[in-house]
Every structure is written in structure tokens, then in C-alpha cells.
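Read the structure below first, then the notes.
Quick note: the coordinates plus some simple rules give every number you see, no bench work behind them. Values in this document were obtained by computation on a predicted structure and should not be read as measured data. Because the Cβ atoms are built from the backbone with ideal geometry, glycine has one as well, and the counts that use them run over all protein chains shown.
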Amino acid sequence: MKILFATGNADKMREIREILEDSGIEAVSLKEAGVSLDVEENGATFEENALIKARACMERTGEIALADDSGLEVDAMDKKPGVHSARYMGRDTSYHIKNKSIIDRLEGKEGEERSARFVCAIAAAFPDGRVLTTRGTMEGQIGYEERGENGFGYDPIFYLPKYGCCSAELTSEKKNELSHRGKALRAMRDRLLAEWEKR
Ligand code: IMP
């Protein structure tokens, strides 16, 4: 089965291919398919945004299309930045500044009061109108300072109490195993294979 994945991000494509390896599902990126898409992610949920992108990609190409949407929910900030994680404080603002602002907003809070999670939704849109969505989460807490050099975005302030480190201190293999995106992707792989078997 060939699917198009609506992302231009090479790191995401690598992770997707690692997870789909040996599954019989071949993932092609938009870039490889020579498609450029500019869709407004104006959904209220991660699932809605993933579906908007997947549908746009499927309608453009006529192929089974997948897309993801992800972000950070901080409970003490009413689950913000949420679906606005990439846009929070402005798309061009550095993550060092965004991370510092979140740490400052949690001043005086301890332990569970600092709870947060990364969320990833993946949507698949089929040319016959069927859609599938899956969601993965990774629970943690907002740290007191930035730690680690790996990963990207909010990883340096995302503390994993069980591992005693931030997600920016995990190797990429370990992060794929634990991450919201890895979990949502593995769930989507299984849903796609189940759809395939129904034929
Ligand atoms: P997306 O690429 O539109 O899904 O945007 C997701 C945004 O959420 C990113 O730009 C980051 O700000 C944040 N985010 C999602 N996943 C992660 C992660 O694994 N680590 C750090 N930040 C993440």
C-alpha cells in the first residue's frame, strides 16, 4: 500500500519510515511526490487539523493521504499552547524565549501542578471518503529550566519524571519509543493494515 504523508519535514519522514518498516506500507512525502500544499490549520482540535491536511492532500492527488498535527498542552495554562504550539508567541519567536515564558508562567507551582503532555493526532483520508484518526500522548511536567540538546521545540522543558530527564535528553530511538508521535503512528499503522485486510 502506498500512502502520501502531508509533511515537508525530513525528520518526521524518517521517523514515519522507521515505524512503517516491514509493514508493507510505503510512505512518500509531499516533496517526493512533487506536491506543494498550503492549507490553513484552523481546526479547534489536533484531529481536525490533521484531517484538514490529510483531506487536502488526498483531494489534490487522489491517493490515500496521511497528515499529523501535534502540540504541547500545559494543564496550568488551560491546556495551552495546544493546537497553537507552533504559533505560540509568534512563529518566528525562538523556542528559547517560548520555553522561558512557559517556565515563568508556572512560577510557584510544584510537582503535579506542572503537569503537561505532548499530543499527536494522525489522520488518514481515503479517496472513497473513509477517514481514520489516531491519537498518541506523552505525559510529563514542565521543568524548571531548559535541559538537553536533542529533539526540538518544547523538548528542553518537557520533564519526564519516570526517566528523570527532559525529552531533549533522550536519544531519538528512545523518544520514538515513548513519544506521542510514535504512539499515534504505530496505532495508525495497525488501523491501516486492518483496513487493508478488509478488502
Ligand atoms: P506541527 O508540526 O504543526 O504538528 O506543530 C507542532 C508544534 O508542537 C511544534 O512546532 C512544536 O512547537 C510542538 N511539538 C510537537 N511535538 C513536539 C515534540 O516532540 N517536541 C517538542 N515540541 C513539539
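Restricted to segment 62-96, and to residues there that are near the ligand (Cβ under 9 Å from one of its atoms) and polar (S, T, N, Q), the residue that is farthest from residue 27 (Cα to Cα) is 85.
Assess whether residue 27 counts as being within 14 Å of the ligand (Cβ to nearest atom), in a strand (DSSP E or B) and without any contact (Cβ under 8 Å) to a residue 60 or more places away in the chain. First the steps, then the outcome.
Working: within 14 Å of the ligand (Cβ to nearest atom): no; in a strand (DSSP E or B): yes; without any contact (Cβ under 8 Å) to a residue 60 or more places away in the chain: yes.
Spelling it out, it is not the case that residue 27 is within 14 Å of the ligand (Cβ to nearest atom), in a strand (DSSP E or B) and without any contact (Cβ under 8 Å) to a residue 60 or more places away in the chain.
Applying the condition of being more than 12 Å from the ligand (Cβ to nearest atom) and part of a loop (DSSP other than H, G, I, E, B) to segment 41-61 and asking which residue is farthest from residue 3 (Cα to Cα) yields 44.
Taking the criterion of being in contact (Cβ under 8 Å) with a residue 60 or more places away in the chain and closer than 16 Å to residue 138 by Cα, the residues of segment 62-95 that qualify are 68, 70, 72, 74, 85.
Screening residue 120 against (1) within 30 Å of residue 25 (Cβ to Cβ); (2) away from the ligand (no atom under 15 Å from the Cβ) leaves a single unmet condition, (2).
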